[in-house]
């Protein structure tokens, strides 16, 4: 049996220390792939719940990457960081549009399929272009510290897309915590 992309990402993450920032991100990429599959195959309330989990994970994941990983990438190769920020900005707009749609509509399914391809391409670019550059300029202790900082940043990251902050490390640090409080209250009320 061949391994899925999610299984490959989990295996690559398992070969690294648990706190290593790349291991944390690879495990999240795998979970994102799993959630896309759930949204594709579920119906009704289960589909909505899977999408809500996917939306929240993507929002916190991208915010934390922009806060913790992207500054390191920018120091090494600005063009790679800029390209990833641009992809995340585009994804934020699409995710915001998907969030407003009926998850049981054909339009949602079509838009989700396109979005899944874009997110998969983005993850592959990070894994092949960005992560090796970050690993090349940080030792294991620094990578583990980054992983712990990334997890901390995710705890204060918004759970809904905010296109006005996407792709900007400065905006994530200044607006993100306030947006996070609003998002988390909104989630709790639902």
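The values are calculated or read from the model by the stated rules, or taken from the named source; none is laboratory data. All values reported here derive from a predicted model rather than from experimental measurement. Because the Cβ atoms are built from the backbone with ideal geometry, glycine has one as well, and the counts that use them run over all protein chains shown.
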**Request:** Test each condition in (1) within 13 Å of the chain's Cα centre (by Cα); (2) over 25 Å from residue 6 (Cβ atoms) for residue 75 and report the one that comes out false.
**Result:** (1)
**Message:** Looking only at segment 139-156, how many residues end up being within 16 Å of residue 59 (Cβ to Cβ) and more than 19 Å from the chain's Cα centre (by Cα)?
**Reply:** 0
**Message:** Take residue 112 and tell me if it is within 24 Å of residue 48 (Cα to Cα), surrounded by 15 or more Cβ atoms within 10 Å (Cβ to Cβ), at pLDDT 95 or above and touching a helix residue (DSSP H, G or I) at 6+ places or on another chain (Cβ under 7 Å).
**Reply:** yes
**Residue check for residue 94: within 20 Å of residue 35 (Cβ to Cβ), surrounded by fewer than 21 Cβ atoms within 10 Å (Cβ to Cβ) and touching a helix residue (DSSP H, G or I) at 6+ places or on another chain (Cβ under 6 Å)** = yes
